[in-house]
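What follows is one structure encoded as structure tokens, with my remarks underneath.
Derivation of every value follows stated rules applied to the coordinates shown; laboratory data play no part. A quick note: this is a predicted structure, and the numbers were derived from the prediction, not measured. Note that we place each Cβ from the backbone using ideal geometry, even for glycine, and neighbour counts take in every protein chain shown.
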């Protein structure tokens, strides 16, 4: 008996749109059954994906292990001998105008950014996914209401809303996370709803209904496994957006409390030193943010293309 | 065509399925309605295969879905083994579901791309908590074997690893898992190549014999319908035109639309030159505003003023042969032979 | 159908001059189109040779993955820009299309050779009015004035049987029914009065009564305009009554090519015979068991070394598995087939008898196996060969 062959995502050379076109041409010769060419052709992940994954892994690893790494405390320890000093053997990323170690703050700030990004998006993923699934599956008045709310929330200037909530509730890690999480809900909900619409009209969903499956079962066992992929792809991008927003809030002074290290507040600190020959204070957190966001976007895009959910969904 | 009436109905105590005055309408905005199925009546005896044939937009698929209660009928009655199922909802409807199953046109779209074939076929058994895991696996293996797939290789794979014909086999296995009495096949071979089509048609015949099925076979291809059916009903624009045993229908089509359909079939034999068309000018009218009287009158070569005002009722035109036409054709069709 | 007898707006004669009826209009010689994919080279069209006289109708018949659509597109040069190799020659009215630049080809396409596709909805531009789409090519190719082009377009719509053509010129494609749209694509194809029309499954998306109308229309127009027509289809019924010649394709090759009456009178290739037998016939009684073709078409990346059909053939002999038969003439009247043991010949029937007598090759046991949706899908082909082999 031949062993069932699993799709091997890495075994084949990379492809191009021309090859996919060729596949469509070859496959389309007929009245025959439809060819899901996205599934038929396997593609190797591009190099940019791997570079991004490595960058992201380094940043996540640094954030997680920061406490065990031989870094000085970014707040308590300061070096009065080196105020706003450039990178050196002792301070790889230099120091702030208060003499704090920039590398330490960047690493600890990564932790803040990741915590806010991941938890906020987890919130958006859960509630947005649920709303999108239910709205896309049942349609009707519920869908109309949800879609209207999503559109309104997406149209509202997010940063202004976040600023308002944070200044009203007071800056704390929890408040910032929940605020940004609420802002992530409509983005995920919209994607989940669009993907649900696409799959809920497929005949396997109809088949499940005629087999006597409950709506709950159909939504979670049949639709969700298909919808979760575009949701995950958009969530990765959402993490990036939330991290930028978090830094933005901190930069505006409305982010996490001042004693929590953050890329945004570090950039704000460095802003005043930009014209005094100490650009590194801004440069390093900005670079860390840039690399993280770029990596998340690249990985999200790759996944979206891989599963061919980009069309009409986003 | 545009025929109504219950003349074709037979003994209600024998019929497994009895559809009376079935009507399905969809709102189309601005107060308009799509008249998808209008006052259709037929029945199916146990072990029989009813072929439902017509062109796109004739309401044949909607009829199938209305029987399954996927598209809710706006009127009429559907009785399965004497039980009324129009109007049942929730758990009562769910309890009826295992009795009737459906196979769809698109074999790829009928299977969840993210689940393994073994799970897909086991799904109905799980929903109904039939047997333990071991018994379910045994049943899945039996079903996959019955539809001509090797259970050992098939169970662990996902649908995209199979061809269209194989996916349709998997759909059939899933539909049979609950041992339904009625199987509705909605264009099950339209998306397949001819050589694969023959395999699936043979398989359906085998499954019908093996599991004692009663079938409704919906298709646009008259030759395919003839091959599998014991009775054939022709639909046009939401109405039944004609219903008869296949040999009778194909030899003596009485409805002008049936004749038009038959004469349009391309025959794979060059000695049969394509006949002059039997009056199928124009195209199907909009189901939003179907013609008055007989719905076929706008394209019918035999139409008179009576067809405009009076809807023809189903009347007997032979043994088990019913036609809804004011001016049925009596001479044999040019097609047979 | 209106006969286009008075045609003031008819376009000027085209550049290549009138075809010589004694010379072939189209000569395809050893045409091969291979796609480079991740799995290897897909030999979608693999050495196709045929010719077409002016005004002749050729039916190209095949199932999914037989290469018939790629063949049609290869003739036109409508292939993806990369990862494709096309070899062999396509001579049209004496000009080698394969040697032409894209720019030169653009003058041939639409003007000398026109194509009609399966789905009229996707081959029409949804945001342009019908009139604009019909007149575009005559204005471009023939330099007609806007006014003359519109008059000609209206005449074309009338010719393809569209009622109130003057009004329909201003419709968008979505305002027309499927049958009307296909009539529009035919009108577009006819606009420059091409010498050859390639119709790729022109009626597959249409209902049977509309299909009959469209096929009748194509036939009438072809006769009245003296065009040659290549009708690509999966349906032997569609080509039976309407073509001069039929070429049956299997796995990228023509396996049988004959004048239509000769082909149906005496099918020589076992695949052609099996294909015809698998179609349900109206004349057969209900519940007649259909004959099927066992197994599935070969993987076009690694086709079998011998005859492409050998693994599924009921007449297969050892020689078929190792040696590829040539497309050779037999039985006169231009009947050609690619088979060592042709159906209906002494050696062929002897081979069938031998196989039926017992020592049947693998094929016969796989009576219910199913074909793949396309050759591209056959990644699990080795494992899948056995998928369908149980049961009956």
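Before moving on, here are some points about what is shown:
- Shape call, the stretch A:201-257: gyration tensor on alpha carbons, a/c limit 1.5: prolate
- For the residues C:319, C:268, C:86, a GNM of chain C with alpha-carbon springs under 10 Å puts the largest fluctuation on C:319.
- Other protein chain C-beta atoms within 10 Å of residue C-beta, averaged over A:210-222: 5.
- Volume per residue of the C-alpha convex hull in the stretch A:91-306, rounded to whole Å³: 124 Å³
- Distance from the stretch C:213-251 to the stretch C:323-344 (C-alpha centre basis), Å: 23 Å
- Ranked B:329, A:191, criterion: other C-beta atoms within 10 Å, fewest first: B:329, A:191
- Estimated distance in nm for a label pair at residue C:100 and residue C:333, the labels positioned 7 Å out from Cα along Cα-to-Cβ: 3.5 nm
- Of C:198, C:293, C:279, the one that fluctuates the most in a GNM where chain C has Cα springs shorter than 10 Å: C:279
- If you model chain C as an ellipsoid using its alpha carbon gyration tensor, with each semi-axis the square root of five times an eigenvalue, the axes come out at 40, 22, 20 Å, biggest first.
- Counting Cα-Cα pairs of the stretch B:96-218 in 5 Å increments starting at 0 gives whole-percent bin shares of 2, 12, 24, 26, 22, 11, 3, 0.
- Across chain B, Cα pairs under 8 Å and at least six residues apart give a relative contact order of 25 percent.
- On Cα atoms only, tilt of C:346-356 relative to the major axis of chain C in degrees: 60 degrees
- Computed over the protein assembly as shown, the ratio Rg/Rh where both radii use C-alpha atoms and Rh is Kirkwood: 1.03
- Computed over chain C: relative contact order in percent, which uses C-alpha pairs under 8 Å that are six or more apart: 17 percent
- For the stretch C:250-368, the percent of C-alpha pairs falling in each 10 Å distance bin, counted from 0 to the bin holding the largest distance, reads 13, 44, 35, 8, 0.
- Taking each DSSP H run with n ≥ 4 as -39500 (n - 2.57) and averaging over every residue of chain B yields -8500 deg cm²/dmol at 222 nm.
- Short to long, the 20 Å bins of the Cα pair-distance histogram for chain B hold 30, 56, 14, 0 percent of all pairs.
- Which of A:50, A:68 has the fewest Cβ neighbours within 10 Å, and the rest in rising order: A:68, A:50
- Rounded if a/c under 1.5, otherwise prolate or oblate - the stretch B:57-106, Cα gyration tensor axes: oblate
- Legend: ranking of residues A:141, B:128 from fewest to most surrounding C-beta atoms inside 10 Å; resulting order A:141, B:128.
- Take every pair of alpha-carbon atoms less than 8 Å apart whose residues are at least six positions apart; their mean separation over the length of the stretch A:91-306 yields a relative contact order of 29 percent.
- In angstrom, the C-alpha Rg and Dmax of the stretch C:215-285 are 13.3, 42.
- In this simple spin-label model, placing a label point 7 Å from the Cα along the Cα-to-Cβ direction at both residue B:83 and residue C:319 gives a separation of 6.5 nm.
- Note on chain C: helix-only mean residue ellipticity at 222 nm, from DSSP H runs of 4+ residues weighted -39500 (n - 2.57) and normalised by residue number, equals -8500 deg cm²/dmol.
- Taking the C-alpha atoms only, the angle from helix C:146-159 to the longest principal axis of chain C is near 50 degrees.
- Cα-based helix-to-principal-axis angle, B:117-127 vs chain B, degrees rounded to 10: 80 degrees
- Along principal axes, Cα extents of the stretch C:171-291, largest first, whole Å: 48, 33, 26
- Within the protein assembly as shown, antiparallel bridges make up roughly 60 percent of the DSSP beta bridges whose residues both belong there.
- Of B:321, B:255, B:129, the one that fluctuates the most in a GNM where chain B has Cα springs shorter than 10 Å: B:129
- Distance in nm between pseudo-label sites at residue B:28 and residue A:161 (7 Å out along the Cβ direction from Cα): 4.0 nm
- One Cα centroid belongs to the stretch C:109-161, the other to the stretch A:83-127; the line between them spans 64 Å.
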